[in-house]
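Q: To start, I am sharing the structure in question, which I have written as structure tokens.
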Amino acid sequence: MPRVLLTGGSGFIAAHVLDTLLERGFDTVVTVRSEEKGQRILEAHPNTPKEKLSYVVVKDVAQEGAFDEAVKSSPPFDYVLHTASPFHHNVQDPVKDFLDPAVKGTTGILKAIKAYAPTVKRVVITSSFAAIVNPKEHAAVYSEKHWNPVTWEEGMESSQTYRASKSAWEFVEKEKPNFDIATVNPPLVLGPVVHYLNSLDAINTSNNRVSDMVRGKCKEGLPPTGTFLWVDVRDIALAHVRAIEVPEAGGQRFFVVAGEFSNKEIADIVRDSFPELADKLPSKDFPSDKPADLYGHDNSKSIRMLGLQYRSLKESIVDTVKSLLAVGV
Ligand code: NDP
């Protein structure tokens, strides 16, 4: 079976990518930041033989040569899925703490593959809608054709993902390695958390709005939705794996988006589906903040080329809440 290196194996998205890879028969090695996290992943897959699933420790993707050893493997790798994203909670200097590491992590792994893993045919990188959206002048309908025009000095989150994916495309153009790349660009990712990586205090950022509702933190009112496009984590996971399975996905960006949402819609689904949580939420007539003239989105390429069938917001939220209740939120 083809062999895959999956970086950031302890992440929210990566945990689902791992399960999708295993379900579809790939032999998988994950990178994690500690032995302890690696062991937790193995323990959560007790029936998976060690030749199908193992881990390697990469403490900091931004360090020079971080991936030089991880990309060497016997048997050698066929594909790499790069989801690890450097993130510091105490950002003092945005360039040094946030932007540099994101770019270094992405170019670093591409350099390591070129130098030490000549059998790798494709690298799929988790990018973001932030690398597509132009907050200063919205497109009428966003698709893979759009690029965020932000500069290094502007913004942080968007600049991070924009720069990292831009430098990946530049690397391929300049270095002409043996592999091609594809990027998966999700907006806000919602969906169930895996029990073995999560606890009350460590719910991934993109599900925070749902866990805050379940915990009764939004009783007096819902916070602004902020971004109005979403996708389920299981669909994003499948997109990563389809991006290695489908030959013509090489060299492509994929805007993987299920649809529009607002915090009000999430609250209504939670109230309807979990009546026992109704007193933790504002009343049903709390207004929606979704603008009537919201930009459009075009996900037809992901449906056509990757064969995605997007889950509904209701299914995603119901499964998210069940998973949060299961870890004690
Ligand atoms: P998580 O925070 O759940 O996962 C991030 C992963 O990266 C973790 O495994 C983390 O390890 C690892 N990591 C972070 N910094 C470093 C570092 N310096 N060196 C090595 N590993 C590191 O995030 P998500 O799964 O939500 O996101 C994954 C990717 O998807 C990111 O690139 C993010 O930008 C992108 N994305 C996510 C969206 C979302 O809504 N979730 C939306 C759009 C894009 P550890 O667990 O040990 O900290």
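Q: Taking L222 and the conditions (1) open to solvent by 40 Å² or more (accessible area, probe 1.4 Å); (2) over 30 Å from L21 (Cβ atoms); (3) not in a helix (DSSP H, G or I), which numbered condition does it fall short on, given that it satisfies the others?
A: Evaluating L222 over (1) open to solvent by 40 Å² or more (accessible area, probe 1.4 Å); (2) over 30 Å from L21 (Cβ atoms); (3) not in a helix (DSSP H, G or I) leaves (1) as the failure.
Q: Name every residue in the range 104-130 that is at pLDDT below 90 and farther than 22 Å from V4 by Cα, in order of residue number.
A: Across the range 104-130, the qualifying residue is only A130.
Q: Also, I was wondering about something else. Considering only residues of the range 1-21 that are closer than 19 Å to S73 by Cβ and aliphatic (A, V, I, L, M), which is nearest to the ligand (Cβ to nearest atom)?
A: My answer is A14.
Q: Sticking with this structure for a sec: Restricting attention to the range 202-230, report how many residues are among the hydrophobic types (A, V, I, L, M, F, W, C) and under 16 Å from A258 (Cβ atoms).
A: 4
Q: Any chance the range 289-310 includes a residue that's more than 28 Å from V4 (Cβ to Cβ), surrounded by 15 or more Cβ atoms within 10 Å (Cβ to Cβ), among the polar types (S, T, N, Q) and at pLDDT 95 or above?
A: no
Q: Here's another thing I want to ask about it. Condition first: in a loop (DSSP other than H, G, I, E, B) and either polar (S, T, N, Q) or away from the ligand (no atom under 16 Å from the Cβ) (or both). Now tell me which residues in the range 43-59 satisfy that.
A: Within the range 43-59, H45, P46, N47, T48, P49, K50, E51, K52 qualify.
Q: Let me ask you something else. Within the range 52-64, work out how many residues are modelled with pLDDT under 95 and open to solvent by 40 Å² or more (accessible area, probe 1.4 Å). Give the derivation first.
A: Let us first name the residues in the range 52-64 that are modelled with pLDDT under 95, namely 59-64.
Adding the requirement that they be open to solvent by 40 Å² or more (accessible area, probe 1.4 Å) leaves 59-60, 63-64.
Number of matching residues: 4.
Q: Also, quick follow-up: Look through G328, G307 and report the one residue that is over 19 Å from the mean Cα position of the chain (by Cα) and at positive phi.
A: Checking each option against the conditions leaves just G328.
Q: Mind checking which residues of the range 242-261 are charged (D, E, K, R) and in a helix (DSSP H, G or I)?
A: R242, E245, E248, listed by residue number.
Q: Considering only residues that are out of contact with any helix residue (DSSP H, G or I) (no Cβ under 6 Å at 6 or more places or on another chain) and within 7 Å of the ligand (Cβ to nearest atom), look in the range 185-209 and name the one that is modelled with the lowest pLDDT.
A: Ranking the candidates gives T205 first.
Q: OK, next. Looking at E248 and the list (1) more than 16 Å from the ligand (Cβ to nearest atom); (2) under 29 Å from D298 (Cα atoms); (3) assigned by TED's automatic domain parsing to the domain that holds Y79; (4) open to solvent by less than 50 Å² (accessible area, probe 1.4 Å), which single condition is not satisfied?
A: Only one criterion in (1) more than 16 Å from the ligand (Cβ to nearest atom); (2) under 29 Å from D298 (Cα atoms); (3) assigned by TED's automatic domain parsing to the domain that holds Y79; (4) open to solvent by less than 50 Å² (accessible area, probe 1.4 Å) is unmet by E248, namely (4).
Q: Here's another thing I want to ask about it. Scan the range 303-316 and report the pairs whose first residue is more than 26 Å from P247 (Cβ to Cβ) and whose second residue is open to solvent by 80 Å² or more (accessible area, probe 1.4 Å), with Cβ atoms within less than 9 Å and a gap of 6+ or a chain change.
A: Correct list of pairs: K314/D272.
Q: Of the residues R40, R24, only one is more than 8 Å from the ligand (Cβ to nearest atom), open to solvent by 60 Å² or more (accessible area, probe 1.4 Å) and under 17 Å from E245 (Cβ atoms); which?
A: Only one candidate passes the filter, namely R24.
Q: Same structure, new question: Looking at the structure I just gave you, is E35 modelled with pLDDT under 95 and more than 8 Å from the ligand (Cβ to nearest atom)?
A: So E35 fails the test.
Q: Tell me which residues, restricted to the range 106-117, are closer than 18 Å to E173 by Cα and either near the ligand (Cβ under 10 Å from one of its atoms) or open to solvent by 10 Å² or more (accessible area, probe 1.4 Å) (or both).
A: T106, T107, G108, K111, K114, A115, listed by residue number.
Q: Could I ask something else about it? Can you tell me which residue is nearest to A84 (Cα to Cα) among those in the range 206-219 that are touching a residue at least 24 places away in the same chain (Cβ under 8 Å) and outside any loop (DSSP other than H, G, I, E, B)? So that I can check it myself, show each step before the final result.
A: Kept after step one, since they are touching a residue at least 24 places away in the same chain (Cβ under 8 Å), are these residues of the range 206-219: 206-207, 209-211, 213-216, 218-219.
Now narrow it down to the ones that are outside any loop (DSSP other than H, G, I, E, B): 206-207, 209-211, 213-214.
Numbers: S206: 15, N207: 18, R209: 22, V210: 23, S211: 23, M213: 28, V214: 28 Å.
Restricting to residues being touching a residue at least 24 places away in the same chain (Cβ under 8 Å) and outside any loop (DSSP other than H, G, I, E, B), the top hit is S206.
Q: When you check D279 against the structure, is it in a helix (DSSP H, G or I) and surrounded by fewer than 17 Cβ atoms within 10 Å (Cβ to Cβ), yes or no?
A: Yes, satisfied.
Q: Within the range 171-184, track down each residue that is under 13 Å from the mean Cα position of the chain (by Cα) and either at pLDDT below 95 or of a type in the set (S, T, N, Q) (or both).
A: Let us first name the residues in the range 171-184 that are under 13 Å from the mean Cα position of the chain (by Cα), namely 183-184.
The answer is T183, and nothing else.
The values are calculated or read from the model by the stated rules, or taken from the named source; none is laboratory data. In this text the structure is predicted, and so the values were computed from the model without any measurement. Please note: Cβ atoms are built from the backbone with ideal geometry, for glycine as well, and neighbour counts cover all protein chains shown. Surface accessibility is based on the protein's heavy atoms, side chains included, excluding ligands, DNA and RNA. Shrake-Rupley method; radii C 1.70, N 1.55, O 1.52, S 1.80 Å.
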